[in-house]
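Worksheet for the structure shown next.
The values are calculated or read from the model by the stated rules, or taken from the named source; none is laboratory data. It should be emphasised that the depicted structure is a prediction, and the values quoted were computed from it without experimental measurement. Here the Cβ positions follow ideal geometry from the backbone for every residue, glycine too, while neighbour counts run over all protein chains shown.
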Amino acid sequence: MRELVATIKFTKPCLGNVKKYSCDSCSGRRWPYFVLPRTPDGAVRFEARWWRANMLFAAQILCRHQSAVREIYFDICVDGSPRPELKDYYKRYLDSKRYMRHEAFLAGDTVNINCVVPNSISDQDFAELLRIAGRFKGISPFGPGEYGFFNVVTVKQKYGE
């Protein structure tokens, strides 16, 4: 087993799904918006089961490593932060006039994902599995399979070879 760090670049926004409310001080109305799930210390969280489902799909497409991908362990903390201002949130339109705001990693944003990979999967194969998962499934708390598509920028060993 070895620890790898994958840098991914989103090609479609990765949207938050945790509902919060902002208050309009003038009218007292509450407006809903969505944020990305967080760990208790404030880091963005992607569930390990989301990665596992995507990697099983990718292994079936690649026709290799179907059993070995079950031994890949992903860190739930994402190394990256979305834009903090509510005005910078992604607007998901419900119709021509109404929209919902989502905290998001926007297209072009990069994040690092830490994981432990078995030695039976080479770095190149792991990168290819991630590439397939990012191209066809993506990773997003809101609208999985619809948002959060990504490209793999790099895959590196966390500790020197």
- Would you point out which residue out of S22, S81, S96 is hydroxyl-bearing (S, T, Y) and part of a strand (DSSP E or B)? S22
- Considering only the range 91-111, state which residues are over 20 Å from K19 (Cβ atoms) and surrounded by 17 or more Cβ atoms within 10 Å (Cβ to Cβ). D109, V111
- Please work out which one of (1) within 18 Å of T154 (Cα to Cα); (2) among the small types (G, A, S); (3) in contact with a helix residue (DSSP H, G or I) (Cβ under 9 Å, 6 or more places away or on another chain); (4) exposed (fewer than 13 other Cβ atoms within 10 Å of the Cβ) is the condition A58 fails and give its number. (4)
- Query: Where residues in the range 85-121 are at pLDDT 95 or above and among the hydroxyl-bearing types (S, T, Y), which of them is nearest to the chain's Cα centre (by Cα)?
  - Reply: T110
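How many residues are outside any helix (DSSP H, G or I) and within 13 Å of the chain's Cα centre (by Cα) when one looks only at the range 44-72?
Residues that pass the stated criteria total 4.
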- Message: Among the residues in the range 123-146, are any in contact with a strand residue (DSSP E or B) (Cβ under 9 Å, 6 or more places away or on another chain), of a type outside the set (D, E, K, R), crowded, with 22+ Cβ neighbours inside 10 Å and in a strand (DSSP E or B)?
- Response: no
- Residue check, H65 against (1) surrounded by 12 or more Cβ atoms within 10 Å (Cβ to Cβ); (2) on the phi > 0 side of the Ramachandran plot; (3) out of contact with any helix residue (DSSP H, G or I) (no Cβ under 9 Å at 6 or more places or on another chain); (4) not basic (K, R), all met but one. Which one? (3)
